[in-house]
1. Carbon-plus-sulfur fraction of the accessible area of the stretch 4-300, 1.4 Å probe, in percent?
2. How many nm is it between the label spots at residue 218 and residue 135, if each spot is 7 Å from the Cα in line with the beta carbon?
3. Taking θ as phi - 60°, what are the ³J(HN,Hα) couplings along the stretch 40-49 by the Karplus curve (6.51, -1.76, 1.60), each to the nearest whole Hz, with x for Gly and Pro?
4. Report the charge-dipole magnitude of the stretch 4-300 in Debye, nearest 20, computed about the Cα centre from +1 at each Lys and Arg Cβ and -1 at each Asp and Glu Cβ.
5. Which FRET efficiency, nearest 0.05, do residue 261 and residue 80 yield, Cβ-Cβ r, R0 25 Å?
6. Check which residues have an amide H placed less than 5 Å from residue 255's amide H, if you skip close sequence neighbours.
7. Can you give the Rg and Dmax of the stretch 150-304 based on its C-alpha atoms, in angstrom?
8. For the stretch 113-121, in order, what is each residue's ³J(HN,Hα) by Karplus, 6.51 cos²θ - 1.76 cosθ + 1.60 with θ = phi - 60°, in whole Hz (x at glycine and Pro)?
Amino acid sequence: MTPLPVIIDCDPGTDDAIALLLALASPEIALQAITVVGGNVGLEHTLANALALVELAGARVPVHAGAARPIRGEFTSAPRAHGENGLAGVTLPPGGGAAPGLAAEIIRAHLRAAPAPLTLVGIGPATNLALALLAEPDLAGNIAQIVLMSGARAGGNVTAAAEFNAWSDPEALAVLLAAGCPLTLAPLDLTHQALVTPSRLARLRAAGTGAALATACAILAAQPPHPTLPGPPLHDPCALAWLIRPALFTARPAFVAVSCAEGAMRGQTTIAPAPEETANALVLETLDADGFFALLGERLSRLP
Ligand code: BDR
Ligand code: CA
């Protein structure tokens, strides 16, 4: 198996943190760079968290700062779900310094230089990825696929209509949906199948003895309970699990659109099943949740 060259754009973020650790622990993924965006909390926290997580995993992957605000409109974070520091109050030993270069430029540089098409994973507001493609649209031809945690089939988690990443920068999501390269979407109704129930958390804790696994479990245990679900959803690791073990999912081609209107519908996605010829995305539909948590335990227990 040849590892897949991947760039992850993220806003850690409790679930982003687990997604980064999963990627760093998985031989299927050759992580070229991590780019960071303001999202769940401000860029000063998301950047520091990404750097600390790379250190925690004992990895050597460059981490680049990116956009602190969306293409249009105000920056709004989600400290209620992720805590003031983005990791539900869990503090990590600080990591190293950020690598030079801004996220969008770095993404373009990697796409230009890569010997084979790259996979881009977006698990925060899509600003950095969209800025890269707005500056150099032809680079879409150098993208193997974009995998996004974004959007929802029905109902939202930040407004009644919209999911947080789509709502945070709908103009950016619209750029990616129109880019013309293969795109896979892990929407909210898919990630709501990946619930951190007490028994799954206990099994995860028992999977190993390393500091990274223990920290991941501490972050998951510190998350506030979900208002309606039996456990907090582990959104972002679903996007990585799709690349690592696609057999855990079912998926269907669809035409996806996002509302960039002001007001109550801003960030709402419509996901309409469509034949492959007219679809602009492959949308993940179902998840083998126990298999997903078993994969997490098996992988996170490999880290120091
Ligand atoms: C998405 O928004 C953030 O709160 C999570 O990190 C995830 O990327 C879920 O709506
Ligand atoms: Ca995220």
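The values are calculated or read from the model by the stated rules, or taken from the named source; none is laboratory data. Everything numeric here is computed off the predicted structure, so don't read it as measured data. Glycine gets a Cβ as well: all are built from the backbone with ideal geometry, and neighbour counts include every protein chain shown. Heads up: the accessible areas ignore ligands, DNA and RNA and are worked out on the full protein's heavy atoms, side chains in. Shrake-Rupley method; radii C 1.70, N 1.55, O 1.52, S 1.80 Å.
1. Solvent-exposed carbon and sulfur of the stretch 4-300 make up 59 percent of the total.
2. Modelled inter-label distance: 3.7 nm.
3. Using θ = phi - 60°, the values come out as 3, 9, x, 4, 4, 7, 5, 5, 4, 5 Hz.
4. My answer is approximately 420 debye.
5. The value I calculate is 0.50.
6. 272, 274, 280
7. 16.6, 49
8. With coefficients 6.51, -1.76 and 1.60, one gets 8, 5, x, 9, x, 9, 9, 10, 10 Hz.
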